[in-house]
Amino acid sequence: MEQLIFFITAAVVAATPLLFGTLGEILTEKSGNLNLGVEGMMFMGAAVGLSASFLYEQAVGAGASGFLSAVLAVVFGFLAGVLGGLIYSVLTVTLRANQVVSGLALTIMGVGMGNFIGELLGLRAGGFASVSDVTRSAFSGARIPGLSGMPVIGRLLFSFDFMVYMVIAAAVLMIWFLNKSRMGLHLRAVGEDPATADADGINVTRYKYLATCIGGGICGLGGVYISMVRSSGTWIHNCVGGLGWISVALVICAAWSPARAILGALLFGGLSVLRFYLPIQDVPAQVYNIIPFLATVLILIFTSVRQSKERHQPASCGVNYFREER
């Protein structure tokens, strides 16, 4: 039982950045924008979020507040992702550039920018950039009086860091937004048929910009989680390590559903930590490393074969909208 609890909690930690990236891309694609720059926006969020916390501590010194440092990391990491989404929106919505090429360019730019900022901070710190224990404790597991101490249930539900609860709340909010709110239904209409939505008085450009920028910000939060929680507040070169691309694949596996995205991210998170909790003698670690990617490919194949109309990609996704051709 003890080993199972450790496995589940490790799977949740591994799933959290994936869920941030998947939710951000789902919101973006619901507007009809196919942004393949998730990896780049996660890198931007990771580097800028860590930089904000690090520079704040350098400026304040010993009196730095862990709470304020964590808030700065989250806010600036989100804004970095928003900037990535804004760049993509200008290119594809305003300038009508190719969406696939723009997304790939955003990934290249974001990865380079993130690693550059991280290495620059390392030079300033005299070796490597790392936040203090005060900030690390702000990103550590929460202790909820009366709940965290409960046997089994307390450790499974009430012992995670605040960003785990943040991403779950974001998923629940997105489920409601896309299915129950007026703006969410308008967004889905824009993604399915922007010409019809435009004729009905919906501002297509505004919805595309907002969804893509906010979606980019959510991806940026996934990067913040990687640099501040998984990397313990220390910049590690190429720390995102392809998780942005897995998030793009999980969007398809989840059939553009935030609810199924939770399960998909948890499954991949569990597979990624499997080798630590179910080691098999004479099986090299490389075999365990490919299991999550192999599972993703198999799920993609299964999902595409059983794809129904309700679980299909938004009809206008990847296609630029020209109002003059309406």
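In plain terms, the bigger the Kirkwood radius, the slower the diffusion; for the chain, with that radius from Cα pairs, at 20 °C and 1.002 mPa s, Stokes-Einstein puts D at 105 µm²/s.
Highest mean first, how do 56-69, 10-23 rank when packing is the count of other Cβ atoms within 10 Å averaged over residues? Kindly include the intermediate steps, with their values, before the conclusion.
Details: 56-69: 14.6, 10-23: 26.7.
Going by the mean number of other Cβ atoms within 10 Å, highest first, we get 10-23, 56-69.
Here the calculated FRET efficiency for R206 and S304, from their Cβ-Cβ distance with R0 = 25 Å, stands at 0.20, rounded to the nearest 0.05. Taking 0.36 nm per residue of separation and subtracting the current Cα-Cα distance, fully stretching the chain between H237 and D282 would add 13.2 nm. For I236, no residue 5 or more places off, or on another chain, has a built amide H under 5 Å of its own.
Sorting 242-248, 26-32 by their mean Cβ neighbour count within 10 Å, with the most densely packed peptide first, gives 26-32, 242-248.
Surface composition of the chain: carbon plus sulfur atoms hold 68% of the accessible area, using a 1.4 angstrom probe and ignoring ligands, DNA and RNA. With a Förster radius of 56 Å applied to the C-beta separation of M183 and F6, the computed FRET efficiency comes to 0.85. A crude spin-label estimate for the pair I168 and L104, with each label 7 Å from Cα along the Cβ direction, gives 3.9 nm.
Here's the picture: charge each Lys and Arg Cβ at +1 and each Asp and Glu Cβ at -1 in the chain, and of N320, Y207, G222 the one pushed furthest to the positive end of that dipole is Y207. Rounded to whole numbers, the Karplus 3J(HN,Hα) couplings from phi for region 130-135 are 8, 7, 7, 5, 4, 6 Hz, using 6.51 cos²θ - 1.76 cosθ + 1.60 with θ = phi - 60°, and x at Gly and Pro.
In order along region 210-226, the Karplus-derived 3J(HN,Hα) couplings, from 6.51 cos²θ - 1.76 cosθ + 1.60 at θ = phi - 60°, round to 5, 5, 6, 5, 5, x, x, x, 5, 4, x, 5, x, x, 4, 5, 5 Hz, and Gly and Pro are given as x. The modelled label-to-label distance for the pair S65/A142, using points 7 Å beyond Cα in the direction of Cβ, is 1.9 nm. From largest to smallest, the equivalent ellipsoid semi-axes obtained for region 157-229 from the alpha-carbon gyration tensor read 31, 14, 6 Å.
Derived scalar couplings between HN and Hα for region 265-282 equal 5, 5, 4, 5, x, x, 5, 6, 10, 4, 5, 7, 10, 9, x, 10, 4, 6 Hz in order, rounded to whole Hz, by the Karplus curve 6.51 cos²θ - 1.76 cosθ + 1.60 (θ = phi - 60°), x for Gly and Pro. For region 11-79 and region 89-135, what is the centre-to-centre distance using only Cα atoms, to the nearest Å? Cα centres, region 11-79 to region 89-135: 11 Å.
The values are calculated or read from the model by the stated rules, or taken from the named source; none is laboratory data. The structure presented is a predicted model; accordingly, all values stated were derived computationally and were not measured. When we count neighbours, we look across all protein chains shown, and the Cβ atoms used for this are built from the backbone with ideal geometry, even at glycine. Protein only, heavy atoms only, side chains kept; ligands, DNA and RNA dropped before computing areas. Shrake-Rupley method; radii C 1.70, N 1.55, O 1.52, S 1.80 Å.
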